[in-house]
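*Asks:* So that we are looking at the same thing, I have put the structure below in structure tokens.
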Amino acid sequence: MNNIRRLREKKHLTAKELGQAIGKSQPTICKWEKAPSLRYEHAKLIADYFKVPIYEVIGEKPEQYLEDIRQDMVSIDIINLQKGSSKILGRQLMPATVLKEYTTTAPESIKIIKIDSEAMKPTISPNDMVWVDTACKSPDGDGIYLLNIGDKPTLKRIQIKPLENSAVIKSDNPQYGSFDYDDYRRIKVLGKVIFHIQKL
């Protein structure tokens, strides 16, 4: 059993008051208090509010919590595509349970790519990050894909014309050209963009 109720009562809060403080309903707080396990983001929300470690919220010893985190963590390569190279800048670590909230793609098939081109502005700007599903090797519908153009991996938008079995490959930036492809099923892609992180 987790320690949400104990932490709440220690601060002399009702479930309703705690819910109001963190933007959740009273029934949600009651449900969490009775839950045999908590989702990471819920435990973190409670931990941040009470300013305690997450392991104190979920009722585990620190060493057990760290072991659970290590077992649940996945690593995703962050790549900078400059001058045709695929230099790994680092790795993004996150709990597998959190990743599943965003995509069902296997973590080993995901690459996070830092963009250095203006070809997809205003949708994707230089220094933005995109998550690319590298298991996707051919277009499965309209979308933004990573293609090899001129021996350099480049993001392009593919718009399929299903009645003609053809496609238009283009940039969102009108200063860059576009071209038609006779059979979209033969387009070989390096991956499909599944998530976009924009720099503010």
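The values are calculated or read from the model by the stated rules, or taken from the named source; none is laboratory data. The model shown is predicted, which means the values in this text are computed figures rather than measured ones. We place every Cβ from the backbone using ideal geometry, glycine too, and count neighbours over all the protein chains shown. All accessible areas refer to the heavy atoms of the entire protein, side chains included, with ligands and DNA or RNA removed. Shrake-Rupley method; radii C 1.70, N 1.55, O 1.52, S 1.80 Å.
*Asks:* Please state which of the following conditions E101 fails to meet, knowing it meets all the rest: (1) closer than 24 Å to D72 by Cβ; (2) modelled with pLDDT under 90; (3) surrounded by 13 or more Cβ atoms within 10 Å (Cβ to Cβ); (4) not hydroxyl-bearing (S, T, Y).
*Replies:* (3)
*Asks:* Being part of a helix (DSSP H, G or I), polar (S, T, N, Q), open to solvent by 40 Å² or more (accessible area, probe 1.4 Å) and modelled with pLDDT under 85 is the requirement here; does Q64 meet it? Break it down stepwise before answering.
*Replies:* Details: part of a helix (DSSP H, G or I): yes; polar (S, T, N, Q): yes; open to solvent by 40 Å² or more (accessible area, probe 1.4 Å): yes; modelled with pLDDT under 85: yes.
Spelling it out, Q64 is indeed part of a helix (DSSP H, G or I), polar (S, T, N, Q), open to solvent by 40 Å² or more (accessible area, probe 1.4 Å) and modelled with pLDDT under 85.
*Asks:* Give me the pairs, please: first residue somewhere in segment 172-200 and more than 21 Å from T134 (Cβ to Cβ) and among the aromatic types (F, W, Y), second residue anywhere and part of a loop (DSSP other than H, G, I, E, B) and open to solvent by less than 70 Å² (accessible area, probe 1.4 Å), beta-carbon distance under 8 Å, and either six or more positions apart or on two chains.
*Replies:* Short answer, once both residue conditions are applied: Y176/A119.
*Asks:* Still on this model: Does E56 satisfy the condition of being under 30 Å from G191 (Cβ atoms), part of a helix (DSSP H, G or I) and in contact (Cβ under 8 Å) with a residue 40 or more places away in the chain? Let's see the steps before the verdict.
*Replies:* Values: under 30 Å from G191 (Cβ atoms): no; part of a helix (DSSP H, G or I): yes; in contact (Cβ under 8 Å) with a residue 40 or more places away in the chain: yes.
Judged against the criteria, E56 is not a match.
*Asks:* Would you please name the residue that is most open to solvent (accessible area, probe 1.4 Å), looking only at residues in segment 118-152 that are of a type outside the set (G, A, S) and without any contact (Cβ under 8 Å) to a residue 40 or more places away in the chain?
*Replies:* Looking at residues that are of a type outside the set (G, A, S) and without any contact (Cβ under 8 Å) to a residue 40 or more places away in the chain, I get D142.
*Asks:* Under 8 Å between Cβ atoms, at least 6 apart or on separate chains: pull out the pairs that start in segment 19-40 with a residue that is polar (S, T, N, Q) and end on any residue that is open to solvent by less than 60 Å² (accessible area, probe 1.4 Å).
*Replies:* That search, which allows pairs on different chains as well, returns S25/G19; Q26/A15; Q26/G19; T28/G19; S37/N2; S37/I58.
*Asks:* So in segment 1-25, with the set limited to residues that are within 18 Å of P36 (Cα to Cα) and among the hydrophobic types (A, V, I, L, M, F, W, C), which one is surrounded by the most Cβ atoms within 10 Å (Cβ to Cβ)? Don't jump to the end; show me each part of the working.
*Replies:* In the first step, residues of segment 1-25 are kept if they are within 18 Å of P36 (Cα to Cα); the result is 1-8, 15.
Okay, now just the ones that are also among the hydrophobic types (A, V, I, L, M, F, W, C), so 1, 4, 7, 15.
Working: M1: 12, I4: 25, L7: 19, A15: 21.
The residue in question is I4.
*Asks:* Of everything in segment 153-200, what is of a type in the set (S, T, N, Q) and surrounded by 12 or more Cβ atoms within 10 Å (Cβ to Cβ)? Give them in sequence order.
*Replies:* Going through segment 153-200, the residues of a type in the set (S, T, N, Q) turn out to be 154, 159, 165-166, 171, 173, 175, 178, 198.
Across segment 153-200, the qualifying residues are T154, Q159, N165, S166, S171, N173, S178.
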